[in-house]
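Visitor: Got a structure for you, questions after.
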2 protein chains.
Amino acid sequence: MAGDTLLVTAAVLVIGDEILSGRTQDQNSHYIAKYLAQIGVDTREVRVVPDVESEIVAAVNALRARYDYVFTTGGIGPTHDDITADAIAKAFGVAIEEDSRAISMLLEVIPPDRLNEARRRMARIPLGAELIENSVSKAPGFMIGNVIVMAGVPMIMQTMLDAAAPRLRTGARVLVETIEAGAMPEGRYAKDLAALAARFEDVAIGSYPQFSGGVVRNQIVLRSRDASRLAAAAEAVREMISRLTDNGAKV
Amino acid sequence: MAGDTLLVTAAVLVIGDEILSGRTQDQNSHYIAKYLAQIGVDTREVRVVPDVESEIVAAVNALRARYDYVFTTGGIGPTHDDITADAIAKAFGVAIEEDSRAISMLLEVIPPDRLNEARRRMARIPLGAELIENSVSKAPGFMIGNVIVMAGVPMIMQTMLDAAAPRLRTGARVLVETIEAGAMPEGRYAKDLAALAARFEDVAIGSYPQFSGGVVRNQIVLRSRDASRLAAAAEAVREMISRLTDNGAKV
């Protein structure tokens, strides 16, 4: 939708061997996608890459060229495997230096005699970046260009996202309507739903089965930025469900 | 590690608007990564893309060229938004046709008079693919080239992964050792740990903080295919923790 100023897009880039090895389940990308949806930013892609500089650089550059914003999580702590800040600097082709504002933030919680070399690493920030406050443990995230760099620990990431959100350009929120199809099988309504999806091209219509305890229940989810089109499509889907329920025995 | 036959790599491609919108939290990529680790396949990348054919085709082609296997989840049901099979056929440049073996599978649970057009869609399989059995609801997944195409419903995906696993080439399992650093801050051990990581280049060493109830606890995770190197590195990390604990007051 070129030229549509209501549409703001984003990608989430999760950085961390611990996710890819199956050790840790990523919670952040789901949290971010949900959060962004609420402020009118569409998440269009998620990637998880390992703690390997060339992989991070390639992913950041691919994603920042394609989406309005890129949100990264992970790899900004004090240990040797925390290489995100350096990789971001490399992706942008800028220098990375110890940032005196970041040092001041660290000194709010770390006594000066304990601010060792490793901890100072957390103040290394690519040149030209704005800091993002971390109200939990003070070591800041940062934003450079359209890339927002956040911690991997969920609680810290969440405070950083709160701190970054007011700086983002946001679009019109996507409105969502969920219609329960209950135990009616997808195969019974698929053809009619496809016809409705073709009729309401500006409403994204999805059908989602859930199996639980041997029982299937389906939901039809409609998404649009246009409230009246959404309402019309939802009405049409409800009519369809009710019609097919009456004819249930035949299909 | 070119030429290392012990190393088998994979990517997971999650297909679904419902994940990107924040409606549903993807559980499958974590399950697959954990499962593959146990059978000696390294997950190197995860991507989540929307239900858009061009996006699926681009991601499949990027990932299948790069990794030994690609596991996709989602988009193989009977509704109009289930476009994965067609996208995979397009990515491979092959035709897609109704597969008589797949029809037979569907007929095990669907009476012939209810096998309507929408349900028959679930039997559309790219030419040259092998079917992957679905013991839950019968509609099969498939494997074409190095791409394994599975359902999005976790319970069904899991049975398909079980069915696909025996056909995979697997490598040496990565062995893992987790060492509790407890409440010791990462910043206290980061420098020494970096030196150990440099000394044990063949052991991947990561440090992972967890905040819970205002308390930080750190874990150091070591991963290697070589049991004796792993044991030596773990011993060195334990010595480091114990040494720094004794000197705790000073650092």
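Visitor: Within a 10 angstrom radius of the beta carbon, how do B:GLU98, B:GLU45 rank from fewest other beta carbons to most?
Guide: If I rank by nearby Cβ atoms, fewest first, I get B:GLU98, B:GLU45.
Visitor: Which one of B:ALA102, B:ALA123, B:ALA194 has the biggest mean-square fluctuation once chain B is modelled by GNM with Cα springs under 10 Å?
Guide: Greatest mean-square fluctuation among the candidates belongs to B:ALA194.
Visitor: Relative contact order for segment B:114-251: what is it in percent, counting Cα pairs under 8 Å that are at least 6 residues apart? Walk me through the numbers on the way to the answer.
Guide: On the way: 170 pairs, mean separation 26.4, N = 138.
RCO, segment B:114-251: 19 percent.
Visitor: Based on a Kirkwood Rh over C-alpha pairs, give the Stokes-Einstein translational diffusion coefficient of the protein assembly as shown at 10 °C and viscosity 1.306 mPa s in µm²/s.
Guide: Result for D is 65 µm²/s.
Visitor: Report the label-to-label distance for A:ILE103 and B:ARG243 in nanometres (one decimal), using points 7 Å from each Cα along the Cα→Cβ vector.
Guide: According to this spin-label approximation, the distance is 2.8 nm.
Visitor: Could you tell me the largest-minus-smallest coordinate of the C-alpha atoms of segment A:175-250 on each of the three principal axes, in descending order and whole angstroms?
Guide: 36, 26, 15
Visitor: Here's a follow-up. Can you list the copy-to-copy distances for B:ILE103, using a point 7 angstrom from Cα toward Cβ, in nanometres, shortest first?
Guide: Label-point separations across copies, in nm and ascending: 7.5.
Visitor: Here is a follow-up. Put a label point 7 Å from Cα along the Cβ direction on A:GLU53, then list its distances to the equivalent points in the other copies in nm, shortest first.
Guide: Going from nearest to farthest copy, the values are 4.2 nm.
Visitor: Related question: Over what distance in Å are the Cα centres of segment A:154-199 and segment A:46-104 separated?
Guide: Centre-to-centre (Cα) distance: 29 Å.
Visitor: Springs between alpha-carbon pairs under 10 angstrom, Gaussian network model over chain B: which of B:GLY213, B:GLY141, B:GLY187 fluctuates most?
Guide: Of B:GLY213, B:GLY141, B:GLY187, the Gaussian network model singles out B:GLY213 as fluctuating most.
Visitor: Based on DSSP, what percent of beta bridges with both residues in the protein assembly as shown are antiparallel, to the nearest 5?
Guide: Roughly 60 percent of the DSSP beta bridges within the protein assembly as shown come out antiparallel.
Visitor: To the nearest 0.05, what FRET efficiency results for A:ARG124 and B:GLU130 with a Förster distance of 60 Å applied to their C-beta separation?
Guide: The calculated FRET efficiency here is 0.75.
Visitor: Okay, moving on. Quick one: 3J(HN,Hα) in Hz for segment B:70-81, Karplus 6.51/-1.76/1.60 with θ = phi - 60°, rounded, Gly and Pro as x.
Guide: 10, 10, 9, 10, x, x, 10, x, x, 8, 4, 7
Visitor: So what J values fall out for segment B:136-141 if you push phi through Karplus, 6.51 cos²θ - 1.76 cosθ + 1.60 with θ = phi - 60°, rounded to Hz, Gly and Pro as x?
Guide: With coefficients 6.51, -1.76 and 1.60, one gets 7, 10, 6, 4, x, x Hz.
Visitor: To the nearest 20 Debye, how big is the dipole of segment B:175-250 about its Cα centre, given +1 on the beta carbon of each Lys and Arg and -1 on that of each Asp and Glu? Provide the component values of the computation, followed by the final result.
Guide: Details: 10 positive and 10 negative charges, 32 e Å.
Its charge dipole is roughly 160 debye.
Visitor: How big is the charge dipole of the protein assembly as shown about its Cα centre, in debye rounded to the nearest 20, if each Lys and Arg gets +1 on its Cβ and each Asp and Glu gets -1 on its Cβ? Please list the in-between numbers first.
Guide: On the way: 54 positive and 64 negative charges, 55 e Å.
The calculation lands at about 260 debye.
Visitor: Would you calculate the separation in nanometres between label points at B:VAL94 and B:ALA58, each defined as 7 Å from the Cα along the Cα-to-beta-carbon direction?
Guide: Output for this residue pair reads 2.5 nm.
Visitor: Just for the Cα atoms in segment B:9-167, what are the lengths along the principal axes, largest first, rounded to whole Å?
Guide: 45, 33, 31
Visitor: Continuing with this model, one more query. Quick one: what do you get for segment B:153-199 if you divide its Cα Rg by 2.2 N^0.38 Å?
Guide: On the way: Rg = 19.3 Å, N = 47, 2.2 N^0.38 = 9.5 Å.
Ratio of Cα Rg to 2.2 N^0.38 Å: 2.03.
Visitor: For chain A, what are the DSSP H helices with axial Cα length of 24 Å or more and mean Kyte-Doolittle hydropathy of at least -1.0?
Guide: Length and hydropathy pass: A:227-246.
Visitor: Which residue, chosen from B:ALA91, B:VAL14, B:PRO126, occupies the Cα position most advanced towards the positive end of the dipole of chain B, where the dipole is computed from +1 (Lys, Arg) and -1 (Asp, Glu) charges on Cβ about the Cα centre?
Guide: Most positive-ward Cα: B:VAL14.
Visitor: Still on this model: Pick from B:VAL14, B:VAL60, B:VAL237: which is most flexible by mean-square fluctuation in a GNM of chain B where alpha carbon atoms under 10 Å apart are linked?
Guide: Among B:VAL14, B:VAL60, B:VAL237, the largest GNM mean-square fluctuation belongs to B:VAL237.
Visitor: To continue, here is another question. With each label point set 7 Å from Cα along the Cα-Cβ vector, what nm distance links A:ARG167 and B:GLN27?
Guide: Distance between the two pseudo-spin positions: 3.7 nm.
Visitor: If Lys and Arg each add +1 and Asp and Glu each add -1, what is the summed charge of the other residues whose beta carbon sits under 13 Å from the beta carbon of A:ALA198?
Guide: Cβ neighbours under 13 Å give a net charge of -2.
Visitor: Placing the label point 7 Å from Cα along the Cα-to-Cβ direction, what are the distances from B:ARG114 to the equivalent spots in the other copies, shortest first, in nm to one decimal?
Guide: Output for B:ARG114: 6.5 nm, nearest copy listed first.
Visitor: For the rotation taking chain A to chain B, which residue of A has the Cβ nearest the axis, and how many Å away is it?
Guide: Nearest Cβ to the rotation axis, residue and whole-Å distance: A:ARG47, 3.
Visitor: Moving on to the next point. Given the -39500 (n - 2.57) contribution per DSSP H run of 4+ residues, what per-residue ellipticity at 222 nm results for chain A, rounded to the nearest 500 deg cm²/dmol? Present the calculation step by step, with values, prior to reporting the outcome.
Guide: Values: 9 runs with 96 residues, N = 251.
Calculated from helices alone, the mean residue ellipticity at 222 nm is -11500 deg cm²/dmol.
Where a number appears in this text, it was derived from the coordinates with a stated rule and is not lab data. All values derive from a computational prediction rather than experimental measurement. Using ideal geometry, Cβ is built from the backbone for each residue, glycine included, and neighbour counts are taken over all protein chains shown.
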